[in-house]
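**Q** Quick one: structure below, then a few questions.
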Amino acid sequence: MNDRRISRRAFSKLGLSAGVIPLLGGSTAWGQNPQEEHFFLQVIFGSGVDQSYMFDARPLAMTAAGKIQNYLGQEPDVWQAPSGQKTLASPLTRPLKHLAQDMTIINGVHMAQDFAGHGQNLNYLLSGNPFGGEWFGPYISQKSSSSLDFLQLGALPDTTLTNAGNSLDFDPKGAKALASTAHTASSLDTSPTLSEFILRRMELAGRGQGGFSQGSRLMHKGLSGQSQLVSYFSKINNFDDSDYDQSSSVYPAMNVINKYFRSGFTRSVIFAPEHNVDTHDAKSASTAPQLYSSIIEDIKGVLDFLKETPYDDQRSLLDVTTVCIASEFGRTMTQKSKSVDHTGTNHNPLGNSVIMAGKNVVTGQIIGQTDLQTLEEFHRVSGAHTQKDRHLLSVMGVPYDYVKGRSLVHAMPETYEPNHYIHFANIANSILNNFGIHSNKMWKKEVTSALPAPVIPGLFKS
Amino acid sequence: MKISKKLVSNVFVVSLLLGLSSCNNQAPLSSTTKAPHGNAIGGYKGYNAINADLNQRVFKNVDIIIFLQPSAPLQEIGPLSSLLGSFSGQGSGNKFTNGTPNATNMLLWNLLMTNLAKHIGEQCDHVRNKTTAYIGGQAIELQPIFKNILSFLCPMGKETNAPILDLSQTFWLQVMGYQASYDEYQAWLQYVSDNKEGLSGKDRVEAMMLSLLMNPYYLLEQ
């Protein structure tokens, strides 16, 4: 384990509260193979994060030239990753400096092709399809005998996940009530005859072909698995007031995530902290410094919590969890015909950023970048960029060489070809590959593509 | 004095009619509030729909979430209703969540309905004694027609078949309405008939209620 500090006191407190690791009858016992303990946390800051206030900033000279708004009004820092790669980062990211070794930043990520809507790009972020589909979190949970495919904390409006049936979508504040309520199920005293009758009716109703029958089958399956579920809840029936510590806004959710991961209840979580950065108007855009300070505080809260929370006497929760932090897209530099001193920002699916951290991630890197880094670059723009963004209001990820694993900064493709760039599909497939999920589940760069998008070399340990 | 079957039936019908006529605000029993979420998989109608339905057919102004954990404060368990199938979000982002049956929400529905059915059984004592039941300081009042049904059903001990089965039909129609198939009703009636011996009135009412409320025809959208 790295030289991060985990206090004995913290470990003892959590060790007592986590309870005994349950044996799952008939399946691999949780904890018997430490190498198997591998969780996935997808953190989504919805509504479109402006990466120029994060790890893809621009010099003030560009603001002075009217190319990009900068309501912070400060020159960006040079963020040098431990690997030596550099990017310009907003000074707002300074609270994350101590985590530079623990995360990898991926800039210039392309999102849904030809769609700029929140729902379309959230669907793409989760399923690889702008119209919705399967999220891969359930595949991860289903590799073990987790009871729940995934837990969702926070709202994701306009999304359509087709495999969300065995998930739980709730407010962390209700976690204590849920656990204590579920615990009372162990004392239910229904007569065997009545229980058999109820199950029998569900089974018979489930023999048809339609949606109602399918629902009945799911009811039957759900009711039949109650005893195992109650045992999971008994392992997390230990909430107290300190679990709702408001010193960090993400703490209640992270505490729930910790308990649900440790109990084996699920292996996948979507956490969507509530922020609204959809700053189309100048007034809201001008509050960017406050908005992004808050987001960065949440990112810090998530990663610090994972890093400082022991999983066992040798590993932290971060050591056993792969983390992906993203928004559904980035934002434009400015709006057409607006002064940068008084402009909002629109959606930009061509220049998103993603932060990866945790288990198996090769951390301390910066992968990919966007174009239009300097004023000079506005005079030599690729045909591909003007094809997508004629007025040069957006930054766009530059082409990427998947063989050599590096950005092709000077490449100037004449036309836009999706395979030239890093898309979120590449990141998703890298995650899937990391979890040993079969290639037939992998995403395509476009829905109509024949082949899966290639994994990003060097993002994960092989 | 022997009480003839005919007298009992006549008294019952008159009482039922009197009960019906006193319920000016009774909604039609042939349908229930349907959650218009158009679930492709037969998902739950949702908490609000079931709550509204039970408040037409059984209760008067009761938020049935209290039955999830009767000993807990309402403000603590109230938010758990979102886990039983509910709409969340605003405007175009409004969507129906937690509506597909899985182990977790089935656990919660089972808990809620089991405690609710148990309470209905306990209402037998209150109907007989003309007292009011309370949960956490809240009075739990029943719709007059449902209370009327219980007033006849609860005292039924080892009586003849006919009154219990007649009453069972009325009970079924009052709670389930016409949501389920006739075969489903027949199966339930058979269960009630086969298992009425040796049960007290309140235990029988509890079993009738739970077996009905946990039926897919009651909980799922069709």
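**Q** Quick check on this structure: which one of A:Thr279, A:Thr345 is in contact with a strand residue (DSSP E or B) (Cβ under 7 Å, 6 or more places away or on another chain), in a loop (DSSP other than H, G, I, E, B), hydroxyl-bearing (Ser, Thr, Tyr) and touching a residue at least 40 places away in the same chain (Cβ under 8 Å)?
**A** Selected residue: A:Thr345, the only one of A:Thr279, A:Thr345 that is in contact with a strand residue (DSSP E or B) (Cβ under 7 Å, 6 or more places away or on another chain), in a loop (DSSP other than H, G, I, E, B), hydroxyl-bearing (Ser, Thr, Tyr) and touching a residue at least 40 places away in the same chain (Cβ under 8 Å).
**Q** Let me ask another. Out of A:Tyr232, A:Tyr139, I need the residue that is more than 7 Å from every other protein chain (Cβ to nearest Cβ), buried (at least 20 other Cβ atoms within 10 Å of the Cβ) and touching a His at 6+ places or on another chain (Cβ under 9 Å). Which one?
**A** Step by step, each of A:Tyr232, A:Tyr139 is checked, and only A:Tyr139 is more than 7 Å from every other protein chain (Cβ to nearest Cβ), buried (at least 20 other Cβ atoms within 10 Å of the Cβ) and touching a His at 6+ places or on another chain (Cβ under 9 Å).
**Q** Let me ask something else about it. Here's a check for you: in the stretch A:152-172, which residue that is touching a residue at least 60 places away in the same chain (Cβ under 8 Å) and more than 7 Å from every other protein chain (Cβ to nearest Cβ) is surrounded by the fewest Cβ atoms within 10 Å (Cβ to Cβ)?
**A** A:Gly154
**Q** Which condition number in (1) farther than 28 Å from A:Asn276 by Cα; (2) free of Cβ contacts under 8 Å to residues at least 60 places away in the same chain is the one that A:Ser144 fails?
**A** (2)
**Q** Okay, moving on. I'd like to verify a number: residues in the stretch A:282-319 that are of a type outside the set (D, E, K, R), part of a loop (DSSP other than H, G, I, E, B) and more than 28 Å from A:Asn346 (Cα to Cα), how many?
**A** Selection size over the stretch A:282-319: 4.
**Q** Let me ask something additional. Just to be sure before I move on: is A:Asn123 closer than 17 Å to A:Ser353 by Cα and within 14 Å of another protein chain (Cβ to nearest Cβ) in the structure I sent?
**A** yes
**Q** Give the residue, chosen from A:Thr363, A:Thr374, that is surrounded by fewer than 23 Cβ atoms within 10 Å (Cβ to Cβ), in contact (Cβ under 8 Å) with a residue 60 or more places away in the chain, in contact with a helix residue (DSSP H, G or I) (Cβ under 9 Å, 6 or more places away or on another chain) and under 21 Å from A:Val49 (Cβ atoms).
**A** A:Thr363
**Q** Tell me which residues, restricted to the stretch B:179-222, are of a type in the set (S, T, N, Q), under 20 Å from B:Cys124 (Cβ atoms), within 10 Å of chain A (Cβ to nearest Cβ) and not in a loop (DSSP other than H, G, I, E, B).
**A** B:Ser211 - this is the single residue of the stretch B:179-222 that is of a type in the set (S, T, N, Q), under 20 Å from B:Cys124 (Cβ atoms), within 10 Å of chain A (Cβ to nearest Cβ) and not in a loop (DSSP other than H, G, I, E, B).
**Q** Moving on to the next point. Given the criterion within 14 Å of chain B (Cβ to nearest Cβ), out of contact with any Pro (no Cβ under 9 Å at 6 or more places or on another chain) and closer than 23 Å to A:Ala453 by Cα, identify the matching residue among A:Gly128, A:Gly133.
**A** Checking each option against the conditions leaves just A:Gly133.
**Q** Sticking with this structure for a sec: In this structure, is A:Gln228 part of a loop (DSSP other than H, G, I, E, B) and modelled with pLDDT under 95?
**A** no
**Q** If you scan the stretch A:429-462, which residues turn out to be surrounded by fewer than 20 Cβ atoms within 10 Å (Cβ to Cβ), of a type in the set (Gly, Ala, Ser) and under 20 Å from the mean Cα position of the chain (by Cα)?
**A** Scanning the stretch A:429-462 gives A:Gly436, A:Gly458.
**Q** Can you find a residue that is of a type in the set (Val, Ile, Thr) and under 21 Å from the mean Cα position of the chain (by Cα) anywhere in the stretch A:81-95?
**A** yes
**Q** Go through (1) at the interface with another protein chain (Cβ under 10 Å from one of its Cβ atoms); (2) in contact with a strand residue (DSSP E or B) (Cβ under 8 Å, 6 or more places away or on another chain); (3) crowded, with 19+ Cβ neighbours inside 10 Å; (4) farther than 17 Å from B:Ser88 by Cβ for A:His118 and report which single condition fails.
**A** (4)
**Q** Something else about it: Which residues, taken from the stretch A:174-214, are among the aliphatic types (A, V, I, L, M), more than 8 Å from chain B (Cβ to nearest Cβ) and either in a loop (DSSP other than H, G, I, E, B) or surrounded by 20 or more Cβ atoms within 10 Å (Cβ to Cβ) (or both)?
**A** A:Ala175, A:Ala179
**Q** Name the one entry in B:Leu173, B:Leu142 that is crowded, with 16+ Cβ neighbours inside 10 Å and closer than 27 Å to B:Ile66 by Cβ.
**A** After applying the criteria, what remains is B:Leu142.
**Q** Could you list all residues from the stretch A:318-340 that are among the polar types (S, T, N, Q) and more than 26 Å from A:Thr363 (Cα to Cα)?
**A** A:Thr332, A:Thr334, A:Gln335, A:Ser337, A:Ser339
**Q** With the requirement that a residue be under 21 Å from the mean Cα position of the chain (by Cα) and within 21 Å of A:Asp341 (Cβ to Cβ), what does the stretch A:255-295 give you?
**A** A:Val277, A:Asp278, A:Leu291, A:Tyr292, A:Ser293
**Q** Is it the case that the stretch A:416-424 has a residue that's within 16 Å of the chain's Cα centre (by Cα) and closer than 20 Å to A:Gly133 by Cβ?
**A** Yes, the conditions are met somewhere in the stretch A:416-424.
**Q** Same structure, new question: Would you say A:Ala288 is more than 27 Å from A:Gln152 (Cβ to Cβ), surrounded by 21 or more Cβ atoms within 10 Å (Cβ to Cβ) and more than 13 Å from every other protein chain (Cβ to nearest Cβ)?
**A** yes
**Q** OK, next. For A:Ser263, state whether it is out of contact with any His (no Cβ under 7 Å at 6 or more places or on another chain), modelled with pLDDT of 95 or more and within 28 Å of A:Glu297 (Cα to Cα).
**A** The answer is no for A:Ser263.
**Q** Now for a different question. Name the strands (runs of 3 or more DSSP E) wholly within the stretch B:51-135 that hold at least 1 residues that are within 11 Å of chain A (Cβ to nearest Cβ) and more than 30 Å from B:Asn148 (Cα to Cα)?
**A** B:86-88, B:95-97
The values are calculated or read from the model by the stated rules, or taken from the named source; none is laboratory data. Since the structure is predicted, the reported quantities are computational estimates derived from the model, not experimental observations. As a convention, Cβ positions derive from the backbone with ideal geometry for all residues, glycine included, and neighbour counts pool all protein chains shown.
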